[in-house]
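Here the structure is laid out as structure tokens; the discussion comes afterwards.
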């Protein structure tokens, strides 16, 4: 180490000899002691600090590598020593997952189909609104023809069912359309249903 001294006051000369005999190395900075006496100290060089950092870093890296090698050796020992148990555990976990998936898939509730019968009104139970019938001035035969038109029958089919001529059906139909204010058969059916003349 580098020893540099600065001249000390005359009254400190005996202290210098004592410090030399004790071979104390102090930094270069002169500081005043407890009794106000200046003391010469030496400073540590920067290269030794770099060397210390390098040594600390080197020891840290070597320690980390040693730990990693030991863990790898422990892992390899574990795999070699207990390989059968590890494989059995992996197969068991695979089959447990497969069983859970199959159980959830197969036991899933299927949507229940509910068939509910709703009684429909029959044509026999329907009663035409008599007040509306008299209001429009519709006869029983015209009301019957309106019901058959609503069922989708043609004039010829209606004539065959009622045992009248086709011209008679056309006459009744045209009078019915005039009374309802309809221009077409479909419009007459809609107006008849709205007025509760037909079901």
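How fast does the range 130-194 diffuse by Stokes-Einstein, in µm²/s, taking the Kirkwood radius from C-alpha pairs at 37 °C and 0.692 mPa s?
281
Measuring from label point to label point, each 7 Å out along Cα→Cβ, what is the residue 98 to residue 125 span in nm?
Output for this residue pair reads 5.9 nm.
How large is log10 I(q)/I(0) at q = 0.16, 0.18, 0.30 Å⁻¹ when the Debye formula is applied to the Cα atoms of the range 47-106, each weighted equally and without solvent?
-0.71, -0.77, -1.05
Provide 113, 100 in ascending order of the number of other Cβ atoms located within 10 Å of each residue's Cβ, fewest first.
Listed from fewest to most nearby Cβ atoms, that is 113, 100.
Here, each number is a calculation from the coordinates, and none is a lab measurement. Quantities reported herein were computed from a predicted structural model and do not represent experimental measurements. So basically every Cβ, Gly included, is an ideal-geometry build from the backbone, and we count neighbours across all protein chains shown.
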